[in-house]
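Quick note: the coordinates plus some simple rules give every number you see, no bench work behind them. Keep in mind that what you see is a predicted model, and the values were worked out from it rather than measured. Quick reminder, even Gly has a Cβ in these numbers, built from the backbone with ideal geometry, and neighbours come from all protein chains shown.
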Amino acid sequence: MTNRNEADWIRFWASPEGIAASGFRSSDGGLAVAVERGVPTVDVVPTDVEVIIIGAGAGGGVMAERLAAAGRNVLVVEWGSWLSFDDLGRNHLVNQRVAFGRHSAGPFEEAPRVVINPDGTAQTVMPWDPRYHANAATIGGGTRVYGGQAWRFNPLDFQMASTYGIPEGSSLADWPISYADLAPHYDRIEHDLGVCGSAVAMTHLPTYQRDYPMPPISPLARTDTLSRAAEGLGWSTLPPPLAINSAPRDSRPACTECAYCVGFACPVDAKNGSHNTFLPRAVASGNANVLSRAMVTKINIVDGKASGITLVRDGHESVIRAATVVCCAGAIETARLLMLSGVDLPMLGRNLQGHVYVAAVGRMTEQVREFAGPGPSIASNQWLHGNDGIIGGGMLLDDFVPLPVAFWQMMDGRPRPTSDDEIVKWMRTYYLHTIDIKGPIQDIPSPESRVTLDPSVTDAFGLPVARLSGATHPESIRSAAFLKDKAVEWLQAAGAVEAWGLAPTKPYLSGGQHQAGTCRMGEDPTTSVVDPAGRIHGLANVLVADTSVHVTNGGVNPFLTAMALADRTATLLARP
Ligand SMILES: Cc1cc2nc3c(=O)[nH]c(=O)nc-3n(C[C@H](O)[C@H](O)[C@H](O)COP(=O)(O)OP(=O)(O)OC[C@H]3O[C@@H](n4cnc5c(N)ncnc54)[C@H](O)[C@@H]3O)c2cc1C
């Protein structure tokens, strides 16, 4: 073996020899049994529809199915295309979690963004740069390749300002709706999407109306170790709710526990997202169509009312008239599109947030890496709220099976040997003998974290790209330090011979795959963008139904809340 530099090692851990040397294997034997049905799309651009939904992701899928079921004539317009299991592939360097030079589920080359670096310089970045804050651009949006952790927010997450006060410089606020308002919608989504879990284990939440439709995914050997450790510490634990079939459901099989989950499509279609639930059902109703590869460039607004949209498809511009337009383009693109359409509200694009993440890695004496997916088997919600001197907190859990290359990157900054033979031995020791705990922190929003239109850089359609600036509030970084120590404590109690934590030490722009907050919901047009029914203030026939409307983003993953809100917004909109 010749001496390799860091980039060579990254390529090595993603190559067949590196994968073999790391011990990584997929418990489905590497079989890619794609049985996907896909989403039927149309090829003709209509001139008139009743409702246009922009974006076929988490919020867009729910809106389409609910409004179609209510008899509305719906067109879903999606920038990306349908990407099959084979299109998305299993490349360790080109997927939606690890991306070198490209990722698998878009956006692709045609849409750069501009980021303002901490030193104030502006830099154009492509979608696979982490500073771009990409989610995914395909039919299904983020849900096509997500991990599917399906958490409800906590009742206190809706009342952050009245619970904790508003720290200096932050835009922390209460939601205009409560957990109780959203609870029936969480319930409907869990059942209609297909979430596995245990309702009685959700002791941090009010009692559920009914149990999840499927039991939790099978525990792993480490689940028991971590459960006993938490019990010794006096912490409560629970199986994480996942949008994954733990039993055959909806004419699709149960999870085969392969090691590829987050960032990839499921080989047996056991992971539930908009692409295999809400969107095909919407189309099957006969009331909805999906138009893919179509970029909405403008919502056409005249005299305080939208008349429809303008889109570009295959280089041709078309105008579609509609009575109602619903933006579900994700928190960054929804804000950008509204700005491109001339919407001018003081809070539009502000409060961009996501989740600051912490991680801890514990080395055990025995091999503990099981390679049985999806990976998250035990969580603790002990630290979501009620932490002395901390605003909010977060959830901790053992994480998705990391790719060898992702583990190698995560260990950057730790002492690692330099000779080739030693590196392979080190990787086999550390990768195979470690348990990872990770967790999202309740982001404390800042009005300065924002999306604006860049004054000089344009995309392939000639439109100003999103310019991202600002940073999360320093309180988020304080919470991260707190939660990181808890993660280390858990691993030490589980018998780790060494354990170390990873958490950011300085504020940075949070957003990424959990991006939210740019069109926050509220009663007052000076402090919010949409009203509690999801309608843009002063523009009653334009609604937002994606993570943009989140006032705060909870201490857990956000997609279930976006779907529950879309369910509520659709219910209110469909009312006669
Ligand atoms: C690898 C990965 C893992 C994740 N894991 C989890 C998890 O375990 N749990 C969790 O809660 N969340 C997870 N997420 C995040 C989750 O997917 C998002 O929170 C969720 O999809 C956001 O939903 P949305 O409706 O706001 O937008 P999206 O799902 O991002 O959908 C927006 C859609 O709009 C389209 N679009 C944008 N602009 C336009 C335009 N102008 N014209 C037409 N179409 C447009 C985009 O192409 C996209 O398809 C993960 C995401 C990724 C990528």
Treat every Asp and Glu Cβ in the chain as -1 and every Lys and Arg Cβ as +1, leave all other atoms uncharged, and give the resulting dipole magnitude about the Cα centre to the nearest 20 debye.
280 debye
Rounded to whole Å, give me the distance from the Cα center of the stretch 518-551 to that of the stretch 130-198.
16 Å
Calculated FRET efficiency, Arg4 and Phe108, Cβ-Cβ r, R0 25 Å, to nearest 0.05?
0.25
Tally Lys/Arg at +1 and Asp/Glu at -1 over every other residue whose Cβ is under 14 Å from the Cβ of Met63; what's the total?
0
Per 0.36 nm of contour for each residue apart, how much would the distance between Asp211 and Gln367 grow if the chain were fully extended, relative to their Cα-Cα spacing?
52.7 nm
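What GluC sites (Glu not before Pro) does the stretch 365-450 have in DSSP loop regions with at most 13 other beta carbons within 10 Å?
Numbers: sites: Glu366, Glu370, Glu422, Glu448; in loops: Glu366, Glu370, Glu448.
Hits after loop and neighbour filter: Glu366.
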For Thr571 and Met410, calculate 0.36 nm times their separation in residues minus their Cα-Cα distance, and state this gained length in nm to one decimal.
53.7 nm
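How do the peptides 405-416, 229-240 rank, highest first, by the average count of neighbouring beta carbon atoms within 10 Å per residue?
The packing order, highest mean first, is 229-240, 405-416.
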Let me check against my output: what whole-number percent is the relative contact order of the stretch 238-293, with C-alpha pairs under 8 Å and at least 6 apart?
26 percent
Using only alpha carbon positions, build the gyration tensor of the chain, then give the equivalent ellipsoid semi-axes as the square roots of 5 times its eigenvalues, largest first, whole angstrom.
36, 26, 24
Considering the zone a paramagnetic label at Arg37 would reach in this model (a point 7 Å from Cα along the Cα-to-Cβ line), which residues of the stretch 272-308 have amide N under 17 Å from it?
272-290
Going through Lys425/Lys506; Lys425/Lys486; Lys438/Lys506 one by one, the pairs whose alpha carbons sit over 23 Å apart turn out to be Lys425/Lys506; Lys425/Lys486
Compute the relative contact order of the stretch 47-162 as a whole-number percentage, counting only Cα pairs closer than 8 Å that sit 6 or more residues apart in sequence.
24 percent
Label Val319 and Asp388 with points 7 Å out from Cα along Cα→Cβ: what is the distance between them in nm?
6.5 nm
Glu50 to Ala180: FRET efficiency via 1/(1 + (r/R0)^6), r the Cβ-Cβ distance, R0 35 Å, to the nearest 0.05?
0.65
Would you mind calculating the gained length between Ser251 and Ile166 on full extension (0.36 nm times residue separation, minus the Cα-Cα distance), in nm to one decimal?
25.8 nm
MRE, 222 nm, helices only [DSSP H, n ≥ 4, -39500 (n - 2.57), over the chain, to nearest 500]
-7000 deg cm²/dmol
Just check the stretch 111-160 against the gyration tensor rule for me: Cα atoms, a ≥ b ≥ c as the square roots of the eigenvalues, rounded for a/c under 1.5, and otherwise prolate or oblate depending on whether a/b exceeds b/c.
oblate
